[in-house]
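Student: Take this structure, written in structure tokens, and hold onto it; I'll ask about it next.
Nothing in this text is a laboratory measurement; each read-out follows from the coordinates by a stated rule. Remember, it's a predicted structure, so these values are computed and weren't measured experimentally. Heads up, the Cβs are rebuilt from the backbone with ideal geometry, glycines too, and the neighbour counts pull from every protein chain shown.
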Amino acid sequence: MPFSSNTNNGSKFRSFIISSIDNRIDEISNEYSNSTEYLEFYYLYSDILKQLEKALPLESSDIINQLDNLYVNYLVGYQKYFYKQGLLDCKMMFNLLHK
């Protein structure tokens, strides 16, 4: 098998793994978003954002929306990082236990 073919298979496998991780994170996120803990946090967070919008001048609403979007993007990156790190930790633990 030529080297380029192996590289292509490796790339496809990597894409498959990344896609699987993203799908699982989506599943877990959907489960969590229906939990009482999440709903309490969500309503509190939304309430605080509304209070900020009322307390600050109208011109500030754009910056509040930017902050909210930034926070959401931060959380998405955070959850992906920790999920992937959990997979690596699991692999390391598996290897340690099976030596």
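Student: Could you please let me know if Asn9 is within 22 Å of the chain's Cα centre (by Cα) and without any contact (Cβ under 8 Å) to a residue 60 or more places away in the chain? So that I can check it myself, show each step before the final result.
Tutor: On the way: within 22 Å of the chain's Cα centre (by Cα): no; without any contact (Cβ under 8 Å) to a residue 60 or more places away in the chain: yes.
Considered against the rule, which asks whether it is within 22 Å of the chain's Cα centre (by Cα) and without any contact (Cβ under 8 Å) to a residue 60 or more places away in the chain, Asn9 comes out as no.
Student: Continuing with the same structure: Restricting to the stretch 8-67, and then to whatever is of a type in the set (S, T, N, Q) and not in a helix (DSSP H, G or I), can you tell me which residue is surrounded by the most Cβ atoms within 10 Å (Cβ to Cβ)? Outline the logic, then answer.
Tutor: If we filter the stretch 8-67 for residues that are of a type in the set (S, T, N, Q), which is where we start, we get 8-9, 11, 15, 19-20, 23, 29-30, 33-36, 46, 51, 60-61, 65-66.
From what is left, the residues that are not in a helix (DSSP H, G or I) are 34-35.
On the way: Asn34: 8, Ser35: 10.
Residue satisfying both the conditions and the ranking: Ser35.
Student: Please verify whether Lys91 is within 26 Å of Ser19 (Cα to Cα) and surrounded by 10 or more Cβ atoms within 10 Å (Cβ to Cβ), treating the condition exactly as stated.
Tutor: Details: within 26 Å of Ser19 (Cα to Cα): yes; surrounded by 10 or more Cβ atoms within 10 Å (Cβ to Cβ): yes.
Against the criterion (within 26 Å of Ser19 (Cα to Cα) and surrounded by 10 or more Cβ atoms within 10 Å (Cβ to Cβ)), Lys91 qualifies.
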